[in-house]
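The values are calculated or read from the model by the stated rules, or taken from the named source; none is laboratory data. Just so it is clear, the model here is predicted, and its values are computed rather than measured. Cβ atoms come from the backbone with ideal geometry, glycine included; neighbour counts cover every protein chain shown.
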Amino acid sequence: MNRILCERESDVVEALRRDSFSDELRGHVRSCSICAETQAVAQMLQTASRLQVEHEPSAAGLVWRRAQARKKEIALKHATRPLIVMRAMSVVYVVFSAAWLLHYFWRPGSIGRISGWNVLPIETVFADVAIAVLAMAIGAWYLLRDGGRLGEGIPLT
Amino acid sequence: MDESFPIAGVVPLAERQATAMEEQEFRALYDATARPILAYLLGVTGRKDVAEDVLQETYCRFLVRQPRSMDANETRRYLFRIATNLLRDRWRKGDDVPWQEVAEEGLSVDVDTQMDVRAAMRALKPRERELLWLAYVEGMNHTEIAAATGLRALSVRMLLFRARRKAAGLLLAERSAI
């Protein structure tokens with residue numbers, strides 16, 4: 001069975017990296033096909049590495065600032081998560097309330113039942129319902145608008 | 001790997017609970033690790049624009065995640081892992097432009113060797129370039145490569161063997177062609 005590893009491979013790589021081959025290691029490389037292959041490939045790659053030595057990484061400060069901006073963005077997302085939940089809940093609430101009101105008032109005799117309670121005049125009941133619906137609609141609209149602005153990256157303050 | 005990896009400011013950080021990294025600590029880490037990671041990215045992609053973009057993103061993700069306390073070697077492997085994953089994400093999205101020329105002119109390496117190297121690098125697959133680079137330039141062992149790439153150590157052993165054989169064959173073919 002052909003060998004795929006030699007225990008001296010790492011020595012060959014290290015010797016190439018440090019540019020310090022011992023005579024004993026040279027002798028081993030001459031007699032070991034795996035280490036000879038390793039030497040050829042490692043030399044090629046280390047040459048490739050030297051060809052790129054001129055390239056400078058971006059400034060640390062630039063990367064730091066980019067990361068800080070990203071952190072703020074993530075923190076903002078976390079902070080606005082309850083608002084997003086509230087927005088969704090308010091939309092659901094408005095839809096269900098509207099459906100319930102329509103269903104309730106649509107039935108024949110419903111107005112008469114309400115006025116039959118004789119607790120409040122019919123005009124007051126209507127006015128109260130209208131105000132509640134209006135308040136819910138305004139609240140939902142405000143949250144939707146605010147959420148949209150946040151989504152566009154406009155700061156809260 | 002027994003090699004010590006002196007990153008000023010990183011070892012003290014590892015010894016305490018990892019809290020928000022200060023800018024000075026980050027600069028020390030960056031100065032010690034950015035160059036080899038950029039070289040790795042350039043070696044694997046052959047594209048300067050991609051390598052620089054991925055390098056910045058690698059450190060951004062590192063800072064945002066603020067991993068548990070790590071020693072210098074773990075930190076280095078973790079950074080290589082992020083960089084490798086980012087490269088794979090790009091390839092999955094179809095950004096798979098072949099290896100290109102990134103070397104500067106006027107280097108001390110002779111032209112024939114440069115041509116050999118470039119031809120061989122171009123012919124290797126990105127995964128093969130990753131494994132060979134980590135093993136033969138960074139000097140990582142199989143376990144460290146596995147940690148840096150997300151592969152299993154046994155798979156690394158076999159894949160590295162195949163990649164090395166292919167690269168050696170390519171080099172031989174290039175030299176006999178000259």
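Residue pairs, Cβ under 9 Å, 6 or more apart or interchain, first in region B:146-158 and more than 14 Å from chain A (Cβ to nearest Cβ) and surrounded by 15 or more Cβ atoms within 10 Å (Cβ to Cβ), second outside any helix (DSSP H, G or I) and among the acidic types (Asp, Glu). List them.
B:Ala148/B:Glu138
Based on this model, can you work out whether B:Thr45 counts as at pLDDT 90 or above and of a type in the set (S, T, N, Q)?
no
Take region B:20-71 and flag every residue that is within 15 Å of A:Ala59 (Cα to Cα) and of a type in the set (A, V, I, L, M).
Those that are within 15 Å of A:Ala59 (Cα to Cα) and of a type in the set (A, V, I, L, M): B:Ala28, B:Leu29, B:Ala32, B:Ala34, B:Ile37, B:Leu38, B:Ala51, B:Val54, B:Leu55.
Is it the case that some residue within region B:110-123 is at pLDDT 80 or above, crowded, with 21+ Cβ neighbours inside 10 Å, within 12 Å of chain A (Cβ to nearest Cβ) and under 18 Å from B:Leu38 (Cα atoms)?
Yes: one or more hits.
Among all residue pairs at least 6 apart or on different chains, which show Cβ distances below 6 Å where the first residue, located in region B:115-126, is touching a residue at least 12 places away in the same chain (Cβ under 8 Å) and the second is not hydrophobic (A, V, I, L, M, F, W, C)?
From residues that are touching a residue at least 12 places away in the same chain (Cβ under 8 Å), the pairs are B:Asp116/B:Glu174; B:Ala119/B:Glu174.
Select from region B:62-86 the residues that are surrounded by fewer than 17 Cβ atoms within 10 Å (Cβ to Cβ), part of a helix (DSSP H, G or I) and within 14 Å of chain A (Cβ to nearest Cβ) and list them in ascending order.
Correct list: B:Val64, B:Arg65.
Can you name every residue in region B:38-56 that is more than 8 Å from chain A (Cβ to nearest Cβ) and either surrounded by fewer than 19 Cβ atoms within 10 Å (Cβ to Cβ) or touching a Gly at 6+ places or on another chain (Cβ under 9 Å) (or both)?
Correct list: B:Asp49, B:Asp53.
Just for helices (runs of 4 or more DSSP H) wholly inside region A:1-107: which have at least 1 residues that are within 11 Å of chain B (Cβ to nearest Cβ) and crowded, with 18+ Cβ neighbours inside 10 Å?
Of the helices (runs of 4 or more DSSP H) lying wholly inside region A:1-107, those with at least 1 residues that are within 11 Å of chain B (Cβ to nearest Cβ) and crowded, with 18+ Cβ neighbours inside 10 Å span A:9-18, A:33-51, A:60-106.
Test A:Arg149 against the criterion of being basic (Lys, Arg), within 30 Å of A:Ala69 (Cα to Cα) and modelled with pLDDT of 75 or more, and give yes or no.
So A:Arg149 does not fit the description; no.
Answer yes or no as to whether B:Ala135 is modelled with pLDDT under 90, touching a Leu at 6+ places or on another chain (Cβ under 7 Å) and either within 11 Å of chain A (Cβ to nearest Cβ) or crowded, with 20+ Cβ neighbours inside 10 Å (or both).
no
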